Amino acid sequence: METSRAEYTKHTKEVVYTPDAHLGFGWHVWRDMARELIQSRELMWRLFLRDLSARYRQSVFGYVWAVMPAIVTVITFTYLKGSGTLPIGETNMPYPAYVLLGMSVWLLFATGLTRTTQSLVQASAIITKINFARETLVLAAFGESIFNFLIRIVLIGVVFAWYRVVPMWTIIFVPFVLIPLALMTVGFGFIMSIANGVFRDIGNSLTLLLTFAMFLTPVLYPPPTQWPKVLINYLNPVSPFIIATRDLTTKGTLSQPDGLFYASAAGFVVFLVAWRIFHLAMSRIVERV
């Protein structure tokens, strides 16, 4: 009996728990983070359904609110352009379809960032009592933005059919363009949710900042090509994704492939770095949310 126990101890790896294990470096840390997130996928799905149900519960118009901001914006700026109030340049498709397509991509980013920024504060009642992967809160909040984007795709199809806009076959590559944008949004959401947990002013001022940023993004007008206005496309991380989406939908080629490459690379880097910072900071931020 003693011999068997000795052999078992000899061939068994001893596991020592340390409270700061999450602070380590190396591939094993990323592996543990990914495994923890995968194990929480059912919780993430339930949180997404809960938030979606709570937002549209007892609403007369229901899911129409998912497309209402885009519709109001399209109608307003189509009128301003038609009346000559705004000197907006010519577009390669009917202006309502042009604005709706760009607005849908922008709202994927803007509403996603707004929802993820508020995710920790809105769930403060459970994150201080239950131990689970807090990343699920951010990802579930972004899931609502994806759901609204899918609804807007139906509206885009209706508008394209109305104006007889025939998309190019390259439209099938649009999802691959939006993946790095989604990762960038979630990455910013990780950081902003932490900051909003400490300073509530972050969440309160974000809507104002995003409204201002929309006018610096070629959502309502063609991308500028003259210096120094062209800097908007190079400094704004969302611009390449909107331009690429329109190019793949109507042109079949990318007009700014280098900008899309750098923006996509930045999206992956932002996501990974922000995810790691979020994971490191959670143990301290929970006490302040």
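The values are calculated or read from the model by the stated rules, or taken from the named source; none is laboratory data. Quick caveat: nothing in here was measured; it's all calculated off a predicted structure. No Cβ is skipped: glycine too gets one built from the backbone with ideal geometry, and neighbour counts run over all protein chains shown.
Every residue, every condition in (1) within 17 Å of residue 192 (Cβ to Cβ); (2) without any contact (Cβ under 8 Å) to a residue 24 or more places away in the chain; (3) out of contact with any Leu (no Cβ under 6 Å at 6 or more places or on another chain), yes or no:
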| site | (1), (2), (3) |
| --- | --- |
| 235 | no, yes, yes |
| 238 | yes, no, yes |
| 250 | no, no, yes |
| 267 | yes, no, no |
| 270 | yes, no, yes |
| 274 | yes, no, yes |
If we scan segment 237-246, do we find a residue that is modelled with pLDDT under 80 and aromatic (Phe, Trp, Tyr)? no
Test: residue in segment 37-50 that is of a type in the set (Asp, Glu) and at pLDDT 70 or above: yes
Answer yes if at least one residue in segment 142-150 is touching a Leu at 6+ places or on another chain (Cβ under 9 Å) and part of a loop (DSSP other than H, G, I, E, B), and no otherwise. no
Say we look at segment 65-84 and pick out the residues that are among the aliphatic types (A, V, I, L, M) and surrounded by fewer than 15 Cβ atoms within 10 Å (Cβ to Cβ); which of these is farthest from residue 155 (Cα to Cα)? 80
Of (1) buried (at least 18 other Cβ atoms within 10 Å of the Cβ); (2) of a type in the set (Ser, Thr, Tyr); (3) under 28 Å from residue 97 (Cβ atoms), residue 136 satisfies all except one. Which? (3)
Every listed condition ((1) within 24 Å of residue 175 (Cβ to Cβ); (2) within 17 Å of the chain's Cα centre (by Cα); (3) modelled with pLDDT of 90 or more) holds for residue 117 save (1)
Residue list for segment 152-185, filter: part of a helix (DSSP H, G or I), in contact (Cβ under 8 Å) with a residue 60 or more places away in the chain and of a type in the set (Phe, Trp, Tyr): 160, 169, 173
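May I ask you to say which residue of 204, 196 is without any contact (Cβ under 8 Å) to a residue 12 or more places away in the chain and over 16 Å from the mean Cα position of the chain (by Cα)?
Numbers: 196 fails: without any contact (Cβ under 8 Å) to a residue 12 or more places away in the chain.
Of the residues listed, the single one that is without any contact (Cβ under 8 Å) to a residue 12 or more places away in the chain and over 16 Å from the mean Cα position of the chain (by Cα) is 204.
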